[in-house]
Amino acid sequence: MSNEVIPYLDSLDIDPYGAGAKHISNFQITNIHGNQITASLPLGGFGISRYAFDTLLYEALKETVTVIFDTVQDITFEKDRFTVTTQEGIKMASEYVLGTFGKRANLDKHLSREFIKEKSPWLAVKNHYEYEMDDAMVALHNFNGGYCGLSKTEGNLVNACYLTTFKSFKKYGDIDTFQQEEISKNPFMRKFFKDALPIFKKPLTISQISFDRKNAVENHIFMIGDSAGLIHPLCGNGMAMAIRGAQLFSELYLKHKKNGSINRKVLEKNYSELWEKEFGMRLKTGRFIQKALMNPISSRLGFSMANAFPAIVPILIKKTHGTKHG
Ligand SMILES: Cc1cc2nc3c(=O)[nH]c(=O)nc-3n(C[C@H](O)[C@H](O)[C@H](O)COP(=O)(O)OP(=O)(O)OC[C@H]3O[C@@H](n4cnc5c(N)ncnc54)[C@H](O)[C@@H]3O)c2cc1C
């Protein structure tokens, strides 16, 4: 996770390093021919499992808010008020609703969002492994049709998560064969799959990951995080964008509230504009880099250029990341 969120997490008394997160300061990118480029990360980041991070968030807020563990099934908006209904049949009325339900959820269908009507070619696979790796390194290993990120977590395990197209995957039919025969063409990944010991019995998988444009406000719901827009994972910045999005909305909401009664239309317009200003360019750069990496010719050219002019790499990383906000 990018360090750009550390000052904001500090202000909420949330300390990932206190929970054992690893400091990440170096970046390695490799291609299937075994060429590599290394660079320092301009802002750096930290490695922590979702389980540990989500626990930290929950511990920080459980005294001040009521958390209901349930699935939202229905959201309706009538006469300027929302009714939110859960699977367990709980009904809640509210003036405002934030949509923080991630990249693809039942609610996207329920709200008939445009992107959900299109098929998406992307799928992702994740597991944790016992493997010797530098704590300070985040690595991005490319293979035909995708890339795999490796980084350490608080438990000293390596998180390995790869994104690929369904077209590349279906030639092999199952995860093991795909890993051995396609991803392992990259010598770094060959060594990884040879030596690393998987911890989860079965890897976690998701499919139909869409990087299409989404609206930051839909049916009057303020979307935050992946439900507002998903950056290509090779940028390693989705978590920071989700957290920064929450900060942007809460600060804007409080500013409107301080000025008197809130005009919903103005708040919605301001949030959409703010979201675009903060994240629009990052998403575009992410799409550009991922297209360039997936194309064998531009990927080769990119590697040669970055070897000749190493300063390009931190510049590109900066373009997909924000700055630290307190
Ligand atoms: C392959 C891959 C690798 C990635 N690697 C990185 C990385 O290294 N660093 C990084 O910063 N980002 C990375 N990302 C991106 C990152 O995972 C996301 O950007 C981030 O999780 C967004 O947070 P979120 O809160 O918006 O969504 P999520 O983390 O997906 O959280 C949404 C939550 O809402 C819940 N939910 C869904 N529907 C409902 C409902 N109806 N009712 C109640 N709850 C519901 C879900 O169960 C989930 O817990 C990666 C993404 C992919 C696909």
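The values are calculated or read from the model by the stated rules, or taken from the named source; none is laboratory data. Values in this document were obtained by computation on a predicted structure and should not be read as measured data. A quick note on method: Cβ atoms are made from the backbone with ideal geometry, for glycine too, and the neighbour counts reach across all protein chains shown. Each accessible area value is taken on the protein alone, full model and side chains, heavy atoms only, with ligands, DNA and RNA left out. Shrake-Rupley method; radii C 1.70, N 1.55, O 1.52, S 1.80 Å.
List of remarks:
- Just so you know, in region 142-172 the residues that are farther than 17 Å from TRP122 by Cα and either free of Cβ contacts under 8 Å to residues at least 24 places away in the same chain or more than 9 Å from the ligand (Cβ to nearest atom) (or both) include one that is most open to solvent (accessible area, probe 1.4 Å), and it is ASN156.
- The one condition from (1) more than 15 Å from the ligand (Cβ to nearest atom); (2) surrounded by 11 or more Cβ atoms within 10 Å (Cβ to Cβ); (3) farther than 27 Å from SER261 by Cβ that GLU132 does not meet is (2).
- Helices (runs of 4 or more DSSP H) fully within region 224-326 counting 2 or more residues that are at pLDDT 90 or above and over 19 Å from TYR96 (Cα atoms): 238-258, 264-294
- Test result for ILE175, open to solvent by 30 Å² or more (accessible area, probe 1.4 Å) and away from the ligand (no atom under 11 Å from the Cβ): yes
- Selection count, region 93-117, where residues are more than 10 Å from the ligand (Cβ to nearest atom) and either in contact (Cβ under 8 Å) with a residue 40 or more places away in the chain or within 17 Å of ALA242 (Cβ to Cβ) (or both): 8
- Region 1-26, residues that are within 20 Å of GLY322 (Cβ to Cβ), touching a helix residue (DSSP H, G or I) at 6+ places or on another chain (Cβ under 7 Å) and not in a helix (DSSP H, G or I): MET1, SER2, LEU12, ILE14, PRO16
- Unique match (being of a type outside the set (S, T, N, Q) and open to solvent by 20 Å² or more (accessible area, probe 1.4 Å)) among PHE53, PHE46, PHE69, PHE82: PHE69
- Candidates MET281, MET305 - the one that is touching a Lys or Arg at 6+ places or on another chain (Cβ under 8 Å) and surrounded by fewer than 18 Cβ atoms within 10 Å (Cβ to Cβ): MET281
- Members of region 186-220 that are of a type in the set (Val, Ile, Thr) and either open to solvent by 50 Å² or more (accessible area, probe 1.4 Å) or within 12 Å of the ligand (Cβ to nearest atom) (or both): ILE199, THR205, ILE206, ILE209
A quick yes/no check of all residues on (1) over 17 Å from HIS321 (Cβ atoms); (2) crowded, with 20+ Cβ neighbours inside 10 Å:
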residue	(1), (2)
PHE222	yes, yes
GLY236	no, yes
ALA240	no, yes
GLY245	no, yes
SER250	yes, no
